[in-house]
1. How many residues are within 21 Å of K350 (Cα to Cα) and either in contact with a Phe, Trp or Tyr (Cβ under 7 Å, 6 or more places away or on another chain) or not aromatic (F, W, Y) (or both) when one looks only at the range 300-315?
2. Any idea which residue in the range 327-348 is nearest to the chain's Cα centre (by Cα), counting only those that are more than 21 Å from S250 (Cα to Cα) and without any contact (Cβ under 8 Å) to a residue 40 or more places away in the chain?
3. State yes or no: is D200 among the acidic types (D, E) and not in a helix (DSSP H, G or I)?
4. Scan the range 264-283 residue by residue and report those that are in a strand (DSSP E or B) and open to solvent by 10 Å² or more (accessible area, probe 1.4 Å).
5. Among A423, A459, which is the only one that is over 17 Å from A295 (Cβ atoms), touching a helix residue (DSSP H, G or I) at 6+ places or on another chain (Cβ under 6 Å) and small (G, A, S)?
6. Filtering the range 219-247 down to residues that are in a loop (DSSP other than H, G, I, E, B) and hydroxyl-bearing (S, T, Y), which residue is modelled with the highest pLDDT?
7. Checking A201 against (1) without any contact (Cβ under 8 Å) to a residue 12 or more places away in the chain; (2) hydrophobic (A, V, I, L, M, F, W, C); (3) surrounded by 15 or more Cβ atoms within 10 Å (Cβ to Cβ), only one condition comes out false. Which one?
Amino acid sequence: MPDFAPVKRALLSVSDKTGLVELGKALAEHGVELLSTGGTAKALREAGLDVRDVAEVTGFPEMMDGRVKTLHPVVHGGLLALRDNDDHVAAMNEHNIGGIDLVVVNLYPFEATVAKGAEYAEVIENIDIGGPAMIRSAAKNHGFVNVVVDTEDYGAVIAELEANGGQTSYALRQRLAQTAYARTAAYDTAVSTWMAAQVDATPRRRTFGGTLAQSLRYGENPHQQAAFYTDGTNRPGVATAQQHQGKELSYNNINDTDAAFELVSEFAPAGGPACAIIKHANPCGVATGSTMVEAYTRAFDCDRTSAFGGIIALNQPLDGETAEAISGIFTEVVIAPGADADAIEVFAKKKNLRLLTTDGLADADAAQLAVRQVSGGFLVQDKDVGRITRDDLKVVTKRAPSDQELSDLLFAWTVAKHVKSNAIIYVKDGATVGVGAGQMSRVDSTRIAARKAQDMAEAMGLPAPLTQGSVVASDAFFPFADGLITAAEAGATALIQPGGSMRDDEVIAAADEAGLAMVFTGMRHFRH
């Protein structure tokens, strides 16, 4: 196969017309014959370019509402024929098949159609058939044929034609082919994933696809290469946010910012301001308040030490007063559904702080898949969107929780869903006052969370830790009474846990003896 191959004939059929006219003009300047279909041909003609309809070349009109237009031997023969194979050339001559040297196709907007919540029939009509077929044909024959599926590659093709007298290099064609196969794979992934949801199936085959959003400096550690890919959905969050300032996000920044925003999205703006501060994917402070600055301050007071260099997420737009308060310590990232001019001005003085804004909160109840790689494969599960209301709670102790305790218990339970197991969360008046995460023993998490509260009380000059009069959430059942007793010694008055231990009776008896109120949820929130 040749290193350089001329481009004499191109077929263009795109749904995204970005850069189309510029590309068409550049091809025409090199004497390239343009073939096209439908709206693409119309756009090129309106720009003054000569275009032949594919129907004219094939001898068959577009039919079946456009479902059939490029699926023809004249098209695919022109793409697949090996130009240096005498038999192929003879077949082209015998059947009047002209070679096609460049295919420019971006597919029907299937992902966007799904994202907007379209009806089943409309989604089906946006499954492209001819496009992927042409892409794969051209990519297979990349020894002679160029295939372009992303508008970002138009410039590279134009540059090569300019540099090489209307020819392209094998290196470019090979790279374009790889991109093309990745695109059709991602497209088929989107279709198959959507179809699996329609039939409520655990499919025999499961694939995942994405588009490069950012090449990262490194991964979790400097010796690890990394990149950030997006999946094409429009879910508000780190992948769709606008960055206003600061250097590029790192691998750990992206991971932690996602954790922070998913947590704060549990708290609807209508319920009042809420703030979550994350460090190493675990919350070190979560709180509500009458104002955003109060919510931030209360979250910060849970663990001021861990908050240093953390990620802050807000459930309402950032205002100037809150920005001033946040500026008091080093913060890596702040993400919120908007920011006013005063806040942006305040943060402009903090060059290393990244400010991200979104179009809203993520839908905490929306079904999603969670994927984790293991050696030889990957685990797939539904995202944990479990919720508990007051009516779901079962009081198992002699004393029932008060209204305030119930509110705090449900708040603590919501936070527990976002804390690495074994998770213990102390909450008082709508704010975390101690968080224990990721320990091998549940009682150790209980002790660590209480100890952090003691440290904060000493640092803030408080007469007693804020765990006095708090409630406690445990993401899974207490296997023994020791964790509950530790929580009571720290000053907790009520607990929420799933229940289901073979020693539930022992734990309930210990709660009654300590005068605690305890409720069972019947649901656990492991997060490994």
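The values are calculated or read from the model by the stated rules, or taken from the named source; none is laboratory data. All values reported here derive from a predicted model rather than from experimental measurement. Cβ atoms come from the backbone with ideal geometry, glycine included; neighbour counts cover every protein chain shown. SASA here: full protein model, heavy atoms, side chains in, ligands and nucleic acids out. Shrake-Rupley method; radii C 1.70, N 1.55, O 1.52, S 1.80 Å.
1. Here the count works out to 11.
2. Once the filter is applied, the top-ranked residue is G338.
3. Yes: the conditions hold for D200.
4. K279, N282
5. Exactly one residue qualifies, and that residue is A423.
6. Result: T240.
7. (3)
Residues checked against (1) of a type in the set (S, T, Y); (2) closer than 23 Å to L369 by Cβ; (3) open to solvent by 30 Å² or more (accessible area, probe 1.4 Å):
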| position | (1), (2), (3) |
| --- | --- |
| T230 | yes, yes, yes |
| G237 | no, yes, no |
| H244 | no, no, yes |
| A260 | no, yes, no |
